[in-house]
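Reading through the structure tokens given below for one structure.
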Amino acid sequence: MIEVRRQAPQGRPLADAPPSVLGDPVDFREKALRRKLIAGNWKMNGRRADGLALARDLAGRAAAEPPAAELLICPPATLLMGVAEVLAGSVIALGGQDCHGDLAGAHTGDIAAPMLRDAGCSYVILGHSERRIEHHESDALVCAKALAARRTGLAVILCIGETAEQRDAGRAHEVVARQLGGSLPQGLGAAELVVAYEPVWAIGTGRTPTPADVAEVHGHIRAELKRRVADPAAVRILYGGSVKPGNARELLAAGDVDGALVGGASLVAEDFWAIARAAG
Ligand code: PEP
């Protein structure tokens, strides 16, 4: 195991910080074994013409220059089947942005995990802060959705992250640990789980934590995973929040960062592609 000196968040030298702040050192051999994942979250954006054109553009780039990273796009539900057709034969995977905790039933406006599978998805984003905040989703609800995804064979991208107030109060670790503990069904492993650390204050704001801050929280998440999944070293932990072509390389190089969940920049083919290339 190669131990790398990192800087603690407040600029303290790492050796002086208490162990609970540092988490375990990053094992860069294990990190190298985890293929990076660059996931685009289109959110509530895109009509048929521009959504399909964006997917076509990305599929063309991926065919011409196969990326080292795994690529995933998560369009809104109305575009899933059309984008699935565009992506047929492409290395780019398709994902949904949410699913219900039930596999079918009387839930007007919702979408079930088997429907996402049927539309060609292999992933689903769950617990995004916009859903936790706007739709009051609890950890227990996210956990039920993750169970539905697992029963359907969808891999879950489980989003966790603290608000600015929580960070300022020094509660970032506690918040991500609680969200992870409450949202993660028992028995989920690396084959069906990706964790996305998305500090709420960084989403769509243009503000990002420093790479050292990201590495520090990811180290804590990795330590929490060790208590909760059988193969914690294999679970990918993405960073999300204002990832752009200009900051992707340094964020992706930070310790225990195994990829990125990209919102705004995933709507521009050149930008998403530049971020994918920054992943190596
Ligand atoms: C997101 O919403 O998952 C996200 C990371 O958004 P943005 O990249 O726009 O901050």
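The values are calculated or read from the model by the stated rules, or taken from the named source; none is laboratory data. As the structure is a computational prediction, the values presented were derived from the model and not from experiment. Every residue, glycine among them, receives a Cβ derived from its backbone with ideal geometry; neighbour counts consider all protein chains shown.
Per-residue answers, yes or no, for (1) over 16 Å from the mean Cα position of the chain (by Cα); (2) modelled with pLDDT under 95; (3) polar (S, T, N, Q):
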site	(1), (2), (3)
180	no, no, no
193	no, no, no
196	no, no, no
204	no, no, no
221	no, no, no
224	yes, no, no
227	yes, yes, no
235	no, no, no
242	no, no, yes
Just wondering, is there one or more residues in region 160-176 that are touching a Leu at 6+ places or on another chain (Cβ under 9 Å), without any contact (Cβ under 8 Å) to a residue 40 or more places away in the chain, among the hydrophobic types (A, V, I, L, M, F, W, C) and closer than 27 Å to residue 247 by Cα?
no
Listed residues 224, 216, 174; which is away from the ligand (no atom under 16 Å from the Cβ) and either among the small types (Gly, Ala, Ser) or surrounded by fewer than 21 Cβ atoms within 10 Å (Cβ to Cβ) (or both)?
174
When region 253-267 is examined, which residues are found to be more than 11 Å from the ligand (Cβ to nearest atom) and touching a Pro at 6+ places or on another chain (Cβ under 9 Å)?
253, 254, 255, 257
Complete set of residues in region 87-106 that are within 16 Å of the ligand (Cβ to nearest atom) and farther than 15 Å from residue 183 by Cα:
95, 96, 97
Please go through region 107-133 and give me each residue that is acidic (Asp, Glu) and within 14 Å of the ligand (Cβ to nearest atom), ordered by number.
130
Before we move on, is residue 71 within 16 Å of the ligand (Cβ to nearest atom) and under 20 Å from residue 45 (Cβ atoms)?
yes
